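Participant: Here it is, the structure, as structure tokens.
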Amino acid sequence: MTMLLQTIDLKTRFHIPEGTVYAVNGVSFHISEGETLAVVGESGCGKSVTMMSILRLLPAPPAEIVSGQALWGNRDLLRLSENEMEQIRGREIAMVFQDPMTSLNPVLTIGRQLTESLRVHLGMGPAEAAQRAVELLEQVGIPDAAHRLGDYPHQYSGGMRQRVMIAMALCCHPSLLIADEPTTALDVTIQAQIVELIKKLRDQLHMAIIWISHDLGVVAGLANRVMVMYAGFVVEEALVDDLYEDPRHPYTLALLAALPRVDRRRDRRLKSIPGAPPNLLVEPRGCPFAPRCEFAMERCRFEIPPLQPVQGTHAVACWVDVTTGGPR
Amino acid sequence: MKPADPLVVVKNLKKYFPVTSGLVFQRKTGEVRAVDDISFTVERGETLGLVGESGCGKTTAGRTLLGLYPPTAGHVTIDGMDVYAARRRRDLLAIRRKAQIIFQDPYASLNPRWTVDAIVSEPMRVHSILPDPKARSERVKELLSLVGLSGQLVNRFPHEFSGGQRQRIGIARALASDPLFIVCDEPISALDVSIQAQVVNLLEDLQDRFGLTYLFIAHNLSMVRHICNRVAVMYLGVMVELGERDELYDHPLHPYTQALLSAVPIPNPKQDRARQRMILSGDVPSPLNPPSGCRFHPRCPLAVERCRQEIPAWREVATGHWVACHKVAE
């Protein structure tokens, strides 16, 4: 498969009055054509900031991309001009955000917002754009699409608004769709509808997807590969089956153990992870998970473990081999 | 009262919110039937789960049964006391002391200008428990340590705490009046996964220790299966199914419960791929103008003519397993 996007050693910081926030600390990953990569982690783990950095959507200051590359074909997205970036955003790489209410303009009709990128990026005339907008709405499953083009966002339900966001993202046939927690604000039955829709569109359009989520459940049925982040680091990366069957990072293990299961009887108390995520205002010195980790050794506290392959494409950033409990 | 009697009895509870139009002379133009005739009991020492999607009325039900909203109709007793008959302040206080609530949003439910000490001791001041300020602040420290926070934090303000810690402060406040019954209104929805487990375990420990009874309102069905003894499912203001936890999850009878459970993702890729999912079409209709007959019929794969016309009765089909559906056999 052809490599679509390769990010190497991305570091992003925010300079705020309280000090420097070490938000992304050397993140490397890649995604190939047609692949679905899930990026999983809790709030503040840097999953959104990583993607916003790559798309250059962070206001600078306070944000500063300290180092790294984001190779898109033969271009480095982090070094393109704003004009060149505008040609890529929305056209080659599209994004769907978490909250469909705040990402739609409440005073413009759905049709107007949907045709905007068709007209800007593809130079369509009004009639052609409207025609295409109806097709797009039908594709994402909005009933009676032609009549609903003139509606405003508040006349749509939450699930339908998210469908509109997806339709907008699909406008220009992007080769990569970055979906930032697109189902978090939705109810579980609507979430299932959106996940099914994304799967269908992915297969139809042969589009690569980066799916950002805090929910290991949703990701299991959707992703080919999963990347787990913690405090601005990638701590584990593996094919989806390997990650769930054979998690190798203590954080991934703990996250899975903290999840109750809808399909199983209760057999024990939940295993909780003690403590709280680290303060990102402090420059990381050792493994960020060490203070909460049951396997932590002396070395973990002062040396940052690199992401290293353990088996095939399965990679882990940990000094400890969790299968034995001893050093790797 | 015999101790075997249910702690909370809810009978035919209704809560309609008026919809008005006009700025000065507000005319009533309709009503949102947020809770429309629900009845259930909460047994002493149990955790009853109340689940459903947003807008189904679960939060309104929780607040109305505590008397935080005046009911449109219905009766609620908590530990034998009639919640809506309490007119005198003393009677109302007695009920409030026994029944507390933990809110969903740990940011909005704590006064940002109050210290932790003021927040946690407020129920004691209201109910004149421990009038001596020194004894009271000792009790605050004790309550904080019960919920896993250091007693040295009493003079801090809410913004100095993380979401999980704020939720612990909310729990300490709820415990301050020695309640019997706590309505937990989505207490973990705003928290990260690793913190959710901490708070759930804390709630369980406190229940064991003090014999508390919970009404656990949530939309996370996996967590509800974990923490609750019995579970009630709501849809658009009505209760559609109620049963013992494993019975309900292993043998859901109502088509809505079946769809809801099948929509919950399972954190296991092979199992998730192999699963036959029941995907509901459409959205939840407006409670302003709910569908006739069974409220679920426009989205129900089994609906027949009868479902459009006749409201299904709330009936017990097996011991402790209640359902409101025409298609479920007697």
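Participant: Among (1) more than 14 Å from chain A (Cβ to nearest Cβ); (2) touching a helix residue (DSSP H, G or I) at 6+ places or on another chain (Cβ under 6 Å); (3) in a strand (DSSP E or B), which single condition is residue B:303 missing?
Facilitator: With (1) more than 14 Å from chain A (Cβ to nearest Cβ); (2) touching a helix residue (DSSP H, G or I) at 6+ places or on another chain (Cβ under 6 Å); (3) in a strand (DSSP E or B) applied to residue B:303, the lone miss is (3).
Participant: Across segment A:269-309, what is the total count of residues that are in contact with a Lys or Arg (Cβ under 7 Å, 6 or more places away or on another chain) and either more than 10 Å from every other protein chain (Cβ to nearest Cβ) or of a type in the set (S, T, N, Q) (or both)?
Facilitator: Qualifying residue count, segment A:269-309: 3.
This table checks each residue for (1) over 28 Å from residue B:144 (Cβ atoms); (2) over 16 Å from the mean Cα position of the chain (by Cα); (3) charged (D, E, K, R).
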site	(1), (2), (3)
B:78	no, no, no
B:83	yes, yes, no
B:88	yes, yes, yes
B:92	no, yes, no
B:107	no, yes, no
B:110	no, yes, no
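Participant: Would you confirm, using the coordinates I've provided, whether residue B:224 is in contact (Cβ under 8 Å) with a residue 60 or more places away in the chain, β-branched (Val, Ile, Thr) and over 30 Å from residue B:129 (Cα atoms)?
Facilitator: Criteria met by residue B:224.
Participant: Can you pull out every residue in segment B:253-290 that is open to solvent by less than 30 Å² (accessible area, probe 1.4 Å), more than 7 Å from chain A (Cβ to nearest Cβ) and in contact (Cβ under 8 Å) with a residue 24 or more places away in the chain? Break it down into steps so the answer makes sense when it comes.
Facilitator: So in segment B:253-290, the residues open to solvent by less than 30 Å² (accessible area, probe 1.4 Å) come out as B:254-257, B:259-267, B:269, B:272, B:280, B:290.
Okay, now just the ones that are also more than 7 Å from chain A (Cβ to nearest Cβ), so B:254-257, B:262, B:290.
Those that are open to solvent by less than 30 Å² (accessible area, probe 1.4 Å), more than 7 Å from chain A (Cβ to nearest Cβ) and in contact (Cβ under 8 Å) with a residue 24 or more places away in the chain: B:254, B:255, B:256, B:257, B:290.
Participant: Same structure, new question: Given the criteria within 11 Å of chain B (Cβ to nearest Cβ), farther than 24 Å from residue A:294 by Cα and buried (at least 23 other Cβ atoms within 10 Å of the Cβ), does residue A:226 qualify?
Facilitator: Here the answer is no, as residue A:226 does not meet what is asked.
Table: residues versus (1) open to solvent by less than 10 Å² (accessible area, probe 1.4 Å); (2) under 29 Å from residue A:164 (Cβ atoms); (3) among the acidic types (Asp, Glu).
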residue: A:41; (1), (2), (3): yes, yes, no
residue: A:47; (1), (2), (3): no, yes, no
residue: A:57; (1), (2), (3): no, yes, no
residue: A:70; (1), (2), (3): yes, yes, no
residue: A:75; (1), (2), (3): no, no, no
residue: A:81; (1), (2), (3): no, no, no
residue: A:104; (1), (2), (3): yes, yes, no
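Participant: Do we find that residue B:312 is in contact with a strand residue (DSSP E or B) (Cβ under 6 Å, 6 or more places away or on another chain), over 21 Å from residue B:249 (Cβ atoms) and surrounded by 15 or more Cβ atoms within 10 Å (Cβ to Cβ) in this structure?
Facilitator: Considered against the rule, which asks whether it is in contact with a strand residue (DSSP E or B) (Cβ under 6 Å, 6 or more places away or on another chain), over 21 Å from residue B:249 (Cβ atoms) and surrounded by 15 or more Cβ atoms within 10 Å (Cβ to Cβ), residue B:312 comes out as no.
Participant: Condition (residue is within 13 Å of chain A (Cβ to nearest Cβ), in a helix (DSSP H, G or I) and free of Cβ contacts under 8 Å to residues at least 60 places away in the same chain) applied to segment B:185-193: is it met by at least one residue?
Facilitator: Looking for residues that are within 13 Å of chain A (Cβ to nearest Cβ), in a helix (DSSP H, G or I) and free of Cβ contacts under 8 Å to residues at least 60 places away in the same chain, one finds at least one in segment B:185-193, hence yes.
Participant: Considering each of A:51, A:3 in turn, give the residue that is open to solvent by 40 Å² or more (accessible area, probe 1.4 Å) and either at pLDDT 90 or above or in contact with a strand residue (DSSP E or B) (Cβ under 7 Å, 6 or more places away or on another chain) (or both).
Facilitator: A:3
Participant: From the list A:249, A:206, pick out the single residue that is surrounded by 23 or more Cβ atoms within 10 Å (Cβ to Cβ) and more than 11 Å from every other protein chain (Cβ to nearest Cβ).
Facilitator: Going through A:249, A:206 in turn, just one is surrounded by 23 or more Cβ atoms within 10 Å (Cβ to Cβ) and more than 11 Å from every other protein chain (Cβ to nearest Cβ): A:249.
Participant: Scanning segment B:202-217 for residues that are within 14 Å of another protein chain (Cβ to nearest Cβ) and open to solvent by less than 10 Å² (accessible area, probe 1.4 Å), which turns out farthest from the chain's Cα centre (by Cα)?
Facilitator: Only one residue fits best here, namely B:206.
Participant: Can you tell me which condition residue A:217 does not meet? The list is (1) open to solvent by 10 Å² or more (accessible area, probe 1.4 Å); (2) touching a residue at least 12 places away in the same chain (Cβ under 8 Å); (3) more than 24 Å from residue A:90 (Cα to Cα), and all the others hold.
Facilitator: Of everything listed in (1) open to solvent by 10 Å² or more (accessible area, probe 1.4 Å); (2) touching a residue at least 12 places away in the same chain (Cβ under 8 Å); (3) more than 24 Å from residue A:90 (Cα to Cα), residue A:217 misses just condition (1).
Participant: Of all residues in segment A:287-318, how many are touching a Pro at 6+ places or on another chain (Cβ under 6 Å), among the hydrophobic types (A, V, I, L, M, F, W, C) and open to solvent by less than 40 Å² (accessible area, probe 1.4 Å)?
Facilitator: 5
Participant: While we're on this one: Specify the residue that is nearest to residue A:185 (Cα to Cα); the eligible residues are those in segment B:202-252 that are among the small types (Gly, Ala, Ser) and not in a helix (DSSP H, G or I).
Facilitator: B:218
Participant: Open to solvent by 10 Å² or more (accessible area, probe 1.4 Å) and within 11 Å of chain B (Cβ to nearest Cβ): which single residue out of A:157, A:175 fits that description?
Facilitator: On the way: A:175 fails: within 11 Å of chain B (Cβ to nearest Cβ).
One residue alone meets the criteria, A:157.
Participant: A further question follows. Working carefully through the options B:87, B:168, B:136, find the one that is surrounded by 15 or more Cβ atoms within 10 Å (Cβ to Cβ), free of Cβ contacts under 8 Å to residues at least 24 places away in the same chain and among the charged types (D, E, K, R).
Facilitator: The unique qualifying residue is B:136.
Participant: Scanning for something within 11 Å of another protein chain (Cβ to nearest Cβ), basic (Lys, Arg), open to solvent by 10 Å² or more (accessible area, probe 1.4 Å) and more than 17 Å from the chain's Cα centre (by Cα), does segment B:239-246 turn up at least one residue?
Facilitator: Scanning segment B:239-246, I find no residue that is within 11 Å of another protein chain (Cβ to nearest Cβ), basic (Lys, Arg), open to solvent by 10 Å² or more (accessible area, probe 1.4 Å) and more than 17 Å from the chain's Cα centre (by Cα), so the answer is no.
A quick yes/no check of all residues on (1) under 22 Å from the mean Cα position of the chain (by Cα); (2) over 30 Å from residue B:154 (Cβ atoms); (3) open to solvent by 50 Å² or more (accessible area, probe 1.4 Å):
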residue: B:20; (1), (2), (3): no, yes, yes
residue: B:29; (1), (2), (3): no, yes, yes
residue: B:37; (1), (2), (3): yes, yes, yes
residue: B:41; (1), (2), (3): yes, yes, no
residue: B:51; (1), (2), (3): yes, yes, no
residue: B:62; (1), (2), (3): yes, no, no
residue: B:96; (1), (2), (3): yes, no, yes
residue: B:102; (1), (2), (3): yes, no, no
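Participant: Here's a follow-up. For segment A:31-81, what are the residues that are part of a helix (DSSP H, G or I) and either without any contact (Cβ under 8 Å) to a residue 12 or more places away in the chain or in contact with a Phe, Trp or Tyr (Cβ under 7 Å, 6 or more places away or on another chain) (or both)?
Facilitator: Result: A:52, A:79.
Participant: With among the β-branched types (Val, Ile, Thr) and within 30 Å of residue B:11 (Cβ to Cβ) as the only criterion, which of B:119, B:101, B:129 stands out?
Facilitator: Just one listed residue meets the conditions, B:101.
Participant: If residue A:162 satisfies all but one of (1) under 25 Å from residue A:35 (Cα atoms); (2) within 14 Å of chain B (Cβ to nearest Cβ); (3) in a helix (DSSP H, G or I); (4) open to solvent by 10 Å² or more (accessible area, probe 1.4 Å), what's the number of the condition it fails?
Facilitator: Looking at each condition in turn, residue A:162 falls short on (4).
Participant: Can you give me the ranges of the strands (runs of 3 or more DSSP E) entirely in segment B:1-108 with at least 3 residues that are at pLDDT below 90 and more than 14 Å from chain A (Cβ to nearest Cβ)?
Facilitator: Output list reads B:8-21, B:27-42.
Participant: Here's something else I'd like to know. (1) modelled with pLDDT under 90; (2) more than 16 Å from the chain's Cα centre (by Cα); (3) open to solvent by less than 20 Å² (accessible area, probe 1.4 Å): which one isn't true of residue B:188, the others all being true?
Facilitator: That leaves (2) as the condition not met.
The values are calculated or read from the model by the stated rules, or taken from the named source; none is laboratory data. Quantities reported herein were computed from a predicted structural model and do not represent experimental measurements. Ideal geometry is used to build each Cβ from the backbone, glycine not excepted, and the neighbour counts take in all protein chains shown. Accessible surface is based on the protein model in full, side chains and every heavy atom, while ligands, DNA and RNA are left aside. Shrake-Rupley method; radii C 1.70, N 1.55, O 1.52, S 1.80 Å.
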